[in-house]
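Coordinate-derived values only; no laboratory data. Quick caveat: nothing in here was measured; it's all calculated off a predicted structure. Because the Cβ atoms are built from the backbone with ideal geometry, glycine has one as well, and the counts that use them run over all protein chains shown.
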Amino acid sequence: MRFAGGVQSLIDAIAETIPFGAIELKTKNTGKSHTQDKGGMVRLETGLADGTRTKVSARNVILALPPRIIARHMEFSPALPTNLVTALLNKPTWMAGQAKIVVMYDRPFWRELGLSGFVTSWAGLLQEIHDASPQTAGGALFGFLGIPAKIRREMEEDDLIALIIDQLVRLFGTSAYNYLFVLFTCILEWIHLKLHVQLTEVSLPDGRQIADLSLYQ
């Protein structure tokens with residue numbers, strides 16, 4: 001199932017229910033002051049994009065972060081109990097070192113074979129594959145790389161692409177060789193607290209740039 005207008009339309013609909021000014025953009029919770037005062041309020045110290053700092057008070061705080069990042073990069077006063085910190089550090093982060101790729105084609109040729117483009121596999125580099133074709137032009141197969149981040153970083157990109165295409169050929173036939181390019185769209189490595197986005201300036205058959213992410217919504 002795909003959303004009309006892309007997943008962004010769902011985000012926009014939810015955002016419309018949130019009071020104006022409730023979301024602070026470009027604001028990082030430094031976690032240097034998390035004391036609860038006599039009134040039951042929690043004070044949070046935050047850093048703004050311009051380098052200034054401010055404090056925010058709230059009755060309840062929900063930390064929507066991987067547990068290990070909370071334990072390693074936030075300071076609490078009073079300090080969290082040792083057993084809680086240990087539990088946070090031992091909690092694995094789901095898909096922490098996962099990499100996502102998109103292989104672009106001039107058309108979704110697999111549909112001509114009656115194939116959906118959906119795959120789950122333990123025999124190839126891509127453990128999960130989906131049809132991510134734009135609605136109006138071109139074809140795209142989106143997948144999750146199943147190899148560990150350490151091994152992935154040690155591989156040459158050309159070797160990695162060759163193995164990916166070889167898997168797609170086994171699944172969808174020799175037309176998979178005729179790809180336009182492979183896009184490593186998002187490599188999320190929470191362990192380094194980085195978001196890497198690599199966009200190749202290549203045009204689709206209708207002239208639009210591949211970096212136009214609205215194509216995939």
* Structure fact -> By the C-alpha gyration tensor axes a ≥ b ≥ c (rounded if a/c is under 1.5, else prolate when a/b exceeds b/c, else oblate), the shape of segment 27-90 is oblate
* Once amide H atoms are built 1.01 Å from N in the peptide plane, which residues 5 or more positions from GLY6, or in another chain, come under 5 Å H to H? -> none
* Work out how much length THR174 to LYS26 would gain on full extension: take 0.36 nm times their residue separation and subtract the Cα-Cα distance, in nm to one decimal. => 48.6 nm
* Asked: Could you give the nm distance between label points at PHE118 and MET41, where each point is 7 Å from its Cα heading toward the beta carbon?
  -> 5.0
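Per residue, what volume in Å³ does the Cα convex hull of segment 14-133 take up?
209
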* **Check: segment 27-90 dipole with +1 on Lys, Arg Cβ and -1 on Asp, Glu Cβ, in debye** => 40
* To do: Using a cut-off of under 20 Å, list every residue of segment 134-173 whose amide N is near the label point 7 Å from the Cα of ALA4 along the Cα-to-beta-carbon line.
  => 134-137
